Amino acid sequence: MFKVLGQWLKQAFGSSKLGKPATTSIQQSETNGQLKEPFDSIDAVSHLVPYDENLLERARTQWQFGDWHNLAKLDRETLQHHPERAKLVLLAAAGRLQMGQDSEARQYIQLAQSWGCSKKHISQILISGVHNTIGMASAIVAQSQRASLHFEKAIIVGSPNSDISLLTQARTAYQVSYFDQIGLSTPIQLTQTHTQANLSSQYSNYLKIFKKFESQINSASTHKTNFSFKVQQIAAFDLGQAWASNTINTVIFRHHGVMTWGDYQYTAFYLDETTLRVVRRTLTNSHISTHDLLGQYNLRDAHNSISMGVDRAGHLHISYDHHATKLRYRRSSKPNAIDYWTDELAMTGANEDRVTYPTFILPRGGHPLTMLYRDGVHNKGSARLKTYDEHTQSWSDRSAAILSGADQKPWTSNAYWNHPAIGSNGTLHLSFVWRTDTIGEQKLVNNVNIGYAWSPDNGLSWFTSRGLPCKLPMTQVNAETVWPVSPGSNLINQTSMALDSHNRPHIAFYANDKYGVPQYQHIWFDGEVWHQQYFSARTQAFNLQGGGTLQIPISRPEILIDKQDCVYAVYRGDLTENCMVVTQIMGAKCRLMTTDTASRTKQLWPEPLDYAEPVIDRNRWAEGQVLSLLLQRTQQPNGDLPNKPTTEPVWLVDFSLSS
């Protein structure tokens, strides 16, 4: 096994930025114009001398596990009369490279070529070896996620048609077990024989061999594994000037802020303190119609945003202008109409005096229009559900709150939920954080832990990610915590969640990294365990502190998953010059990616949006894979302090994302 220890590793892998390794998923070697698995691509050389019939299978297994010591024992005399000698000598070269026997490795690679091994095949094995080297280096400095990623890529490159998951586990376990063999009992524990000089020399020589086949490597690397994606703007509509003195029109928690139902797309926003505008776009001909609801609206508090829903009869429902205040709600008098509305109505009258965050969950699979909302305040609240009956045109209450910290002692709390997500089978999924009172004289916002639950029956019963039943109301005590986050970690509330093709949850948020700098993060459930990755590399710290709507340098992130299970995040902030961007954070089939975040980030809108957050049409994305965004440049005074009234144009813009 090669000697991969020294201070160089700490320098190379101690930062959040990883140098670009070769991109992966090289599927096969070339035979008759088609790509085939490396181990099946070399013409056999037949000889009439005895040979070990099991040698190739044994060597292949040793390569898959990473038993470089035994692969390096394979010598030319043993291999030269074997009918599969080209494959075997290349595996022997791979073993020698990992053991640091660079001179012999060069000779064996040249021998593999002379015995008929294609340059593409050699390139694949070398790329795989580079990933293994980086994986070992990452493991040594305790970056286990990065290590697993590169061990997986090593297997994908060299043996793409095998059981990737199983072999990755085997490779990871076998490689890490080698630390004990060389006397490395803990990460970054160095011995006198493992110096920066000999490590750097070994790695440098490895890359020299790798560089010899650079053109083939580049060709093979990009043949099947192009992690780039394309963004195309396909439509844009200027909806006119509207209130922009704060983010009341562009806060992320509007559910829904833009909504497609049938042939129509709807949105709404405040023009001024007396005018709420409703917009309908006809998707078949792009006709835009508007209607203004006149009244008195408190626009000085950005919590008082507008949310929309629609029932199974096509009537629109709209709720607006409250922050722990009495419910304000109307519905349209005619299906699909925006110019006929009821007066303001109560829903049921129960628990409607301290309403915030009205969240309409649209009808699906026999389930009616449902509204989720907070009853209470930021540190003493309950999440409640109401459902709508089109026949009686009336709402009904669910008897128990689904999330609550209102009765906790000695302190109370409140659950802030992310955007609810709907499964392909109609299941309802919620993720959330818990808020207690502020911390210390700084009044640090105290959001802790990320929880999760799902319901098969529109909120009547709830289960954990592992299928255990939840008793209602779910509290900080009995709710499942899927990702623990300590107090004072700048964990943001009310972000986004989406489901992949297996109805498994993915959550985007931000919280502090180990250096105390807020970073965008992505957690997901693979059916067995939860995982986490960062998708930003910010360097400037800030604190969530104080009351009201805060002036924060980065927006909360939206998360999207396409039909191929590519995962994207949409956001704006100091790292994007306040332009709205989209980053691909997972490849197809929820594969982790090795390229840096910057290379996977595309600008959506060229103009800075100041403090706006992404407001998306979730139905349009789910049905047609079109990303529709409501965009407006908006200010946000810290703590909702008074601000000079300003207006900016509101845009409704469609994008296509293609991987």
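The values are calculated or read from the model by the stated rules, or taken from the named source; none is laboratory data. Being a predicted model, the structure only gives us computed values, none of them experimental. Reconstructed Cβ throughout: ideal geometry from the backbone, glycine too, with neighbour counts over all protein chains shown. Accessible surface is based on the protein model in full, side chains and every heavy atom, while ligands, DNA and RNA are left aside. Shrake-Rupley method; radii C 1.70, N 1.55, O 1.52, S 1.80 Å.
Annotations
- Distance between the range 58-136 and the range 557-630 - C-alpha centres, whole angstrom: 41
- Protection proxy ranking of 115-124, 306-315, by the mean of other Cβ atoms within 10 Å over each peptide's residues and highest first, is 115-124, 306-315.
- Residue ranges 252-258, 50-56, 621-627, 582-588 sort as 252-258, 582-588, 621-627, 50-56 when ordered by packing (mean number of other C-beta atoms within 10 Å per residue, highest first).
- Alpha carbon centroid spacing (whole Å) that separates the range 249-294 from the range 425-459: 28
- Surface composition of the range 369-511: carbon plus sulfur atoms contribute 52% of the solvent-accessible area (1.4 Å probe, protein chains only, all chains present).
- Under a model in which nothing but the beta-carbon of Lys, Arg (+1) and Asp, Glu (-1) is charged, the range 242-397 shows a dipole of about 340 debye around its Cα centre.
- Peptides ranked, highest mean first, by Cβ atoms within 10 Å: ranges 546-555, 379-388: 379-388, 546-555
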